[in-house]
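Nothing in this text is a laboratory measurement; each read-out follows from the coordinates by a stated rule. Just so you know, these numbers come straight off a predicted model, no measurement behind them. A quick note on method: Cβ atoms are made from the backbone with ideal geometry, for glycine too, and the neighbour counts reach across all protein chains shown.
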Amino acid sequence: MKKYLLIFTATLGLLSSCALEETNTTYYLIRHAEKDRTDKSNKNPNLNKKGKERAKKWSEYFKDINLNAVYSTNYNRTIQTAKPTADSKKLDIINYDPSNMFSKDFEKETTGKTVLIVGHSNTTPQFANKIIKSEVYESMDDNDNASLFIISLKKSFRNKTTSIKKITVD
């Protein structure tokens, strides 16, 4: 009888510790830094001087934030924006498809992690909306290279909370 009581107690303890486990996921979403606009026909421009400086500033902003991954669309300006931060964290830049944002696979890969996502004036707010499952944000102004969306998701056995902030980092 003592043996069964011990097994029951151990099983109950294991189940309750799993049930109380909390998962914290944080998404940092930014638009690429200032791009070179000298050639209007160039669909994949690089960053201009000011954009390269901003990319370094983003790296400084994320200096004390423990990122697990850095995601970017496959464009010069987004990759160049992400690179200083990814390099400082010794992380590879993972490309994502802006036409398939926050897919089930992406959600599964990032759950419990802290990630940076670099996008565009239209994709960054759309990505934020997909994460929070609500149409809160509209496309960003084409000159807005300083907005940061921070979305924190906390899930536990009993509840789920979402924290959303949009700030300007200049």
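Express in nm, to one decimal, how much length is gained between Asn76 and Val136 on full extension, taking 0.36 nm for each residue of separation and deducting their alpha carbon distance. The partial results should precede the final answer.
Details: separation 60, 0.36 × 60 = 21.60 nm, distance 2.81 nm.
Separation in residues times 0.36 nm, less the Cα-Cα distance, equals 18.8 nm.
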Q. In the chain, what percentage of the DSSP-assigned beta bridges are antiparallel, given to the nearest 5?
A. 60
Q. Given the rule -39500 (n - 2.57) for each run of at least 4 DSSP H residues, summed and divided by the residues of the chain, what is its mean residue ellipticity at 222 nm, to the nearest 500 deg cm²/dmol?
A. -11500 deg cm²/dmol
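Step through the table entries Lys50/Lys166; Lys63/Lys155; Lys89/Lys133; Lys83/Lys155; Lys52/Lys108, compare each Cα-Cα distance with 28 Å, and write down the pairs that go over it.
Numbers: Lys50/Lys166 22 Å; Lys63/Lys155 26 Å; Lys89/Lys133 30 Å; Lys83/Lys155 31 Å; Lys52/Lys108 32 Å.
Among Lys50/Lys166; Lys63/Lys155; Lys89/Lys133; Lys83/Lys155; Lys52/Lys108, the Cα-Cα distance tops 28 Å for Lys89/Lys133; Lys83/Lys155; Lys52/Lys108.
With the contact rule set at Cα under 8 Å and sequence spacing of 6 or more, what percent relative contact order holds for the stretch 22-168?
34
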Q. Taking Cα atoms, how many degrees apart are the long axis of helix 2-19 and the longest axis of the chain, rounded to 10 and kept between 0 and 90?
A. 20
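What's the local net charge at Thr161, with K and R +1, D and E -1, over the other residues with C-beta under 13 Å away? Please list the in-between numbers first.
On the way: positive: Lys154, Lys155, Arg158, Lys160; negative: Glu22.
Once positives and negatives cancel, what remains is +3.
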Q. So if we plug the beta-carbon distance of Thr111 and Ile65 into 1/(1 + (r/R0)^6) with R0 = 25 Å, what FRET efficiency do we get, rounded to 0.05?
A. 0.90
Q) Using a basic spin-label model with each label point 7 Å from the Cα along Cα→Cβ, how many nm lie between Asp144 and Asn95? A) 2.8
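Taking the Cα centre as origin and putting +1 on Lys and Arg beta-carbons and -1 on Asp and Glu beta-carbons, what dipole magnitude results for the chain, to the nearest 20 debye?
That gives a dipole near 400 debye.
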